[in-house]
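Asks: Here's a structure for you.
The values are calculated or read from the model by the stated rules, or taken from the named source; none is laboratory data. Keep in mind the model is a prediction, meaning the values are calculated, not measured. Every residue, glycine as well, gets a Cβ built from its backbone with ideal geometry; the counts of neighbours run over all protein chains shown.
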Amino acid sequence: MNFEEKTLVKNYVYKGKILNLRNDEVLLPDGKTSKREIVEHSGGSAMYCEKGGKVLLVNQFRYAYNRVLYELPAGKLNPGENPADTAIRELEEECGVKAGKVELMFEIYPSPGYTDEIIRVYRATELTETKIRLDEGEFLTSEWFDKNELKKMIAHGEIKDGKTLVALLSEIK
């Protein structure tokens, strides 16, 4: 059976710096029409770093959840930016770590029901220390965590970020 929906009308409700919001009209496989609310987002990249059996995470306040979260170093793509370059840039800015080599681990669709956002997670190797250069208005700390400590943090629900959980669960067996 064909499950595809055809866009009939793209209606932009809001255009912002980080996202756009659309209220589209679509043609369903059964010939009926429906509305789809879509958040357009440029996507993001994150970096998984391991050194001496420890994994690098950042800890920062996330306004949407009104709480501080542990996450992989990450950021949104700038217009026209290569996703690997985004991950490299964010790792250096947020943590003062430069990646000599990067490879794509996976990409995820964090909320496919309403956004086109794609997050790519890379593995960094050949790490060297450099200077932290946080963006204006950015406040966070970075810390290396032992894998056993991360297992306990996951088990106790202390790590809630999706991209971070996927990376950690695939790497810290």
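Asks: So which residues in the stretch 71-80 are assigned to a strand (DSSP E or B) and either in contact (Cβ under 8 Å) with a residue 40 or more places away in the chain or of a type in the set (A, V, I, L, M) (or both), if there are any at all?
Replies: Hits for the stretch 71-80 are Glu71, Ala74, Lys76.
Asks: For the condition within 18 Å of the chain's Cα centre (by Cα) and more than 21 Å from Tyr63 (Cα to Cα), what is the one hit in Ala167, Ala74, Ala155?
Replies: Ala167
Asks: What do you reckon, is Val68 more than 15 Å from the chain's Cα centre (by Cα) and either modelled with pLDDT of 95 or more or assigned to a strand (DSSP E or B) (or both)?
Replies: Against the criterion (more than 15 Å from the chain's Cα centre (by Cα) and either modelled with pLDDT of 95 or more or assigned to a strand (DSSP E or B) (or both)), Val68 qualifies.
Asks: If you check Asp24 against the conditions, is it assigned to a strand (DSSP E or B), surrounded by 11 or more Cβ atoms within 10 Å (Cβ to Cβ) and either free of Cβ contacts under 8 Å to residues at least 60 places away in the same chain or not hydroxyl-bearing (Ser, Thr, Tyr) (or both)?
Replies: yes
Asks: Looking only at the stretch 86-94, decide whether some residue is among the polar types (S, T, N, Q), assigned by TED's automatic domain parsing to the domain that holds Lys51, modelled with pLDDT of 95 or more and assigned to a strand (DSSP E or B).
Replies: No; the residues of the stretch 86-94 include none that is among the polar types (S, T, N, Q), assigned by TED's automatic domain parsing to the domain that holds Lys51, modelled with pLDDT of 95 or more and assigned to a strand (DSSP E or B).
Asks: Taking Lys54, is it basic (Lys, Arg), assigned by TED's automatic domain parsing to the domain that holds Glu158 and under 15 Å from Glu143 (Cα atoms)?
Replies: Against the criterion (basic (Lys, Arg), assigned by TED's automatic domain parsing to the domain that holds Glu158 and under 15 Å from Glu143 (Cα atoms)), Lys54 qualifies.
Asks: May I pose another question? With the requirement that a residue be among the aliphatic types (A, V, I, L, M), in contact with a Pro (Cβ under 9 Å, 6 or more places away or on another chain) and buried (at least 16 other Cβ atoms within 10 Å of the Cβ), what does the stretch 98-123 give you?
Replies: Within the stretch 98-123, Ile118, Ile119 qualify.
Asks: While we're here: Residue by residue through the stretch 43-65, note down the ones that are modelled with pLDDT under 95 and touching an Asp or Glu at 6+ places or on another chain (Cβ under 9 Å).
Replies: Matches in the stretch 43-65: Gly53 only.
Asks: Mind checking which residues of the stretch 112-143 are in contact (Cβ under 8 Å) with a residue 12 or more places away in the chain and part of a loop (DSSP other than H, G, I, E, B)?
Replies: Tyr114, Asp116, Glu117, Ile118, Thr130, Lys131, Ile132, Arg133, Leu134, Asp135, Glu138, Phe139
Asks: Now for a different question. With the condition kept exactly as written, say whether any residue in the stretch 54-66 is surrounded by 21 or more Cβ atoms within 10 Å (Cβ to Cβ) and over 18 Å from Glu158 (Cβ atoms).
Replies: For the stretch 54-66, residues surrounded by 21 or more Cβ atoms within 10 Å (Cβ to Cβ) and over 18 Å from Glu158 (Cβ atoms): absent.
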